[in-house]
Amino acid sequence: MFKKILLATNGSESSKKAEDYALYLVKREGAELTVVHVLDDKLCHYGYVDQLVPGTTKEQFVSYIISECESTAQKVILEFTKKAEEQGLSFSLRLRKGEPYKEIVAVATEENMDLIIIGGRPPHKRRSRFKIPGTGTAEKVAKLSPCSVMMVV
């Protein structure tokens, strides 16, 4: 049914569930698996750094955050690699920088994927009670995707 599956993962709890399901499906279908991890280079979720802080301190803060993102990416990929190897499965990796939903959709489009598997949060588990529906990464991917999307919660 599915020949090419794209797994988007970021190490979150729902992403780990998505990883497990992707491995199950790849094994069952004999599909080709590509894994994408996106380093969010906008840093918008960290808010503004105080305008009164000297420039070098701001640069140090941004460098620190980027370093933490890269460290997290290495950890996520290493953990997933171990899971895949335990099941005797191989995958190709795409490490991208940018807005996660845009990069995930771009990889799916460029590589003509049949299915995207991505972790997400059910509406009642969102961080803010004022969150606007349809604004999460998984929801944006589902809206813009050139193929089917399975959100694992």
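FYI, it's all coordinate maths here, none of it is from the lab. These figures come from a predicted structure and were not determined experimentally. As a convention, Cβ positions derive from the backbone with ideal geometry for all residues, glycine included, and neighbour counts pool all protein chains shown.
A few remarks follow.
- Gain on full extension, evaluated as 0.36 nm per residue between Ser148 and Asn112 minus their Cα-Cα distance, stands at 11.8 nm.
- Distance violations [Cα-Cα > 28 Å] among Lys17/Lys58; Lys3/Lys83; Lys16/Lys97: Lys17/Lys58
- Surrounding net charge for Tyr24, when Lys and Arg each add one and Asp and Glu each subtract one, Cβ distance under 12 Å: +1
- Near the amide H of Val36, within less than 5 Å, lie the amide hydrogens of Leu7, Ala8, Thr9, Arg94, all on another chain or at least 5 residues away, with H placed in the peptide plane.
- Extension reserve of the Thr57-Glu79 stretch, reckoned as 0.36 nm per residue once the Cα distance is removed: 4.6 nm
- The range 59-69 - phi-based ³J(HN,Hα) in whole Hz, Karplus 6.51/-1.76/1.60, Gly and Pro as x: 4, 5, 4, 5, 4, 4, 5, 4, 4, 5, 4
- Counting Lys and Arg as +1 and Asp and Glu as -1 over every other residue whose Cβ lies under 11 Å from the Cβ of Ser12, the net charge comes to +1.
- For Lys83, neighbours were defined as the other residues whose beta-carbon sits under 11 Å from its Cβ, and their charges (Lys and Arg +1, Asp and Glu -1) total -3.
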